[in-house]
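Q: First the structure, which I've put down as structure tokens, then a few questions once you've had a look.
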Amino acid sequence: MIALVVVLSALLLAAAMFILNRRVWRPLKALRIGIQRVADGDLTTEVTVQGKSELAEVTAHFNHMTKVLRDRAEEQGRFAAAGELLSGVAHEVNNPLMAIASHAELRLADAKLTAEQRNEMQSILRQAQRAAKLLRGLLRFVRAGEKRTGTVNMNDVVRSASDLVSYRFTIDEISIEGRLDPELPTVIGDANRLEQVVVNLLSNALDALRTVKPPRRLFVDSFTDDTGGKVCVTVTDNGPGVAPEIAARLFRPFASTKGMKGTGLGLYISRQLVREAEGELDVVKHEGSGARFLVWLPTGRVAVPTAPTESPIPHRPLPVPVPAAAPPASLEGVRVLLVDDEELIRRPMARFLGKRGAQIKEAGDGLAALEQLNSGYDPQVILADLRMPRMDGAEFYQKLLQDRPALAERVLFLSGDITQLASRGLAEVSRDRVLVKPVELAELERRIAAFVREKAA
């Protein structure tokens, strides 16, 4: 009898160990191996789900998480490729834009222009400037690079973010309204990262509005709290709102309201970026009548531990910033060497600066510029494009640093993409010495005059 009990106990123990090994230890081992593979960078890893146990549910969640990460990595790869492509074509796009804008500006300076011709030239100039602004915004967005903290005007961030998604307003029949406080104080943060937050909130609102019938309305407001110590930007829509089943985990990783179309990381990352600036991102949920997202940021270094959820009700159209008039500046007698391979850009600049009193010499690339300098020409300002054949602006600058460092200090750069500086060995060059194409001729005059005064001081 005792022997039978011992045998039965041994059999039960063996069966229990078999079941435990199959349903617990083996799945745990497979899950551990899967996690290790993901940690090593293999996002194609998938663990087999067996049965309907809690471990099987955990394994299914792991597989879903890995798929989301894989999709996100692919998306980031495409994003990075788009950034490289944009960077590469920026120069080619900005050159004709600058040529168009420069010729339009020169024509507008002609007092003999008829009213009809003046209107046409102003229209051409506005469209060229609009295209350039959008291209700069896209470059800034996809090539944000390292974190740069400074004072930020959130109204400017809202305007830049709105420009990046503005094409969807007309396509999806969406009106954008709201009020940006003209007296809004600045905050401390990274402008590019805060722009990323606002772009994400706007994109989410636009996606939500596509699911409802017109009228589709988007409101963007900025204001301060009663104490004046916190700045708030709100993004409100009249879409379907936030469903109760998603509301509680809206800011958690992989929580998506877009089904398979979304990664579920946008709001999570956005909240982390806002918290980096010691602020807070929250939402007022109105299921069936839209949602309001609020970005609260401190004006100084006072953290925002809890995001208030009230904002002003009245909504008026977003104010359009009026470009400030360029301050008067004279270039009388200033010697300028223009180095650019694009004659359609170089000639209008030379004509304009010449009319402003500057003494101009031109060169089509770095080698031609060196010939001018070696012949005895002594310019006060050298304006050099970064991308040129034979010898580009970076190589030209390095040659001057090596042989004639005093002249190297007189170089201003023209570039369609400011992010090129580091990759071309110019990381130490002050951003104040770079003019981003297409640059308005009045701004070109102002920058050259300021540069000459600085060197003379």
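The values are calculated or read from the model by the stated rules, or taken from the named source; none is laboratory data. Fair warning: this is a prediction, and the values are worked out from it, not measured in the lab. Cβ placement follows ideal geometry from the backbone for every residue including glycine, while neighbour counts extend to all protein chains displayed. The area values use the complete protein model at the heavy-atom level, side chains included, leaving out ligands, DNA and RNA. Shrake-Rupley method; radii C 1.70, N 1.55, O 1.52, S 1.80 Å.
Q: Scan region 192-213 and give yes if some residue there is farther than 23 Å from V284 by Cβ and touching a helix residue (DSSP H, G or I) at 6+ places or on another chain (Cβ under 8 Å), otherwise no.
A: Yes - at least one qualifying residue is present in region 192-213.
Q: Quick check on my filter: what residues within region 439-450 are of a type outside the set (A, V, I, L, M, F, W, C) and open to solvent by less than 20 Å² (accessible area, probe 1.4 Å)? Break it down stepwise before answering.
A: So in region 439-450, the residues of a type outside the set (A, V, I, L, M, F, W, C) come out as 440, 443, 445-447.
The answer is E445, and nothing else.
Q: Got a number for residues in region 333-350 being of a type outside the set (A, V, I, L, M, F, W, C) and either free of Cβ contacts under 8 Å to residues at least 24 places away in the same chain or in contact with a helix residue (DSSP H, G or I) (Cβ under 7 Å, 6 or more places away or on another chain) (or both)?
A: Result for region 333-350: 6.
Q: Can you find even one residue in region 322-333 that is at pLDDT 85 or above and open to solvent by 50 Å² or more (accessible area, probe 1.4 Å)?
A: Taking every residue of region 322-333 in turn, at least one turns out to be at pLDDT 85 or above and open to solvent by 50 Å² or more (accessible area, probe 1.4 Å).
Q: For E362, indicate whether it is open to solvent by 10 Å² or more (accessible area, probe 1.4 Å) and in a strand (DSSP E or B).
A: Against the criterion (open to solvent by 10 Å² or more (accessible area, probe 1.4 Å) and in a strand (DSSP E or B)), E362 qualifies.
Q: Quick check on L344: is it over 21 Å from P405 (Cβ atoms), of a type outside the set (G, A, S) and surrounded by fewer than 19 Cβ atoms within 10 Å (Cβ to Cβ)? Can you show your working first?
A: Working: over 21 Å from P405 (Cβ atoms): yes; of a type outside the set (G, A, S): yes; surrounded by fewer than 19 Cβ atoms within 10 Å (Cβ to Cβ): yes.
Judged against the criteria, L344 is a match.
Q: While we're on this one: So E105 clears everything in (1) open to solvent by 70 Å² or more (accessible area, probe 1.4 Å); (2) assigned to a helix (DSSP H, G or I); (3) at pLDDT 80 or above except one condition, right? Which one?
A: With (1) open to solvent by 70 Å² or more (accessible area, probe 1.4 Å); (2) assigned to a helix (DSSP H, G or I); (3) at pLDDT 80 or above applied to E105, the lone miss is (1).
Q: For region 202-213, which residues satisfy the criterion of being within 14 Å of the chain's Cα centre (by Cα) and buried (at least 20 other Cβ atoms within 10 Å of the Cβ)?
A: Step one: list which residues in region 202-213 are within 14 Å of the chain's Cα centre (by Cα), which gives 202-203.
The one that is within 14 Å of the chain's Cα centre (by Cα) and buried (at least 20 other Cβ atoms within 10 Å of the Cβ): L202.
Q: Now for a different question. I need a count of the residues in region 162-184 that are more than 17 Å from R217 (Cα to Cα), at pLDDT 85 or above and in contact with a Leu (Cβ under 8 Å, 6 or more places away or on another chain).
A: Of the residues in region 162-184, 0 are more than 17 Å from R217 (Cα to Cα), at pLDDT 85 or above and in contact with a Leu (Cβ under 8 Å, 6 or more places away or on another chain).
Q: When D378 is evaluated against the numbered criteria (1) surrounded by 12 or more Cβ atoms within 10 Å (Cβ to Cβ); (2) modelled with pLDDT of 85 or more, which criterion, by number, is the only one it fails?
A: (1)
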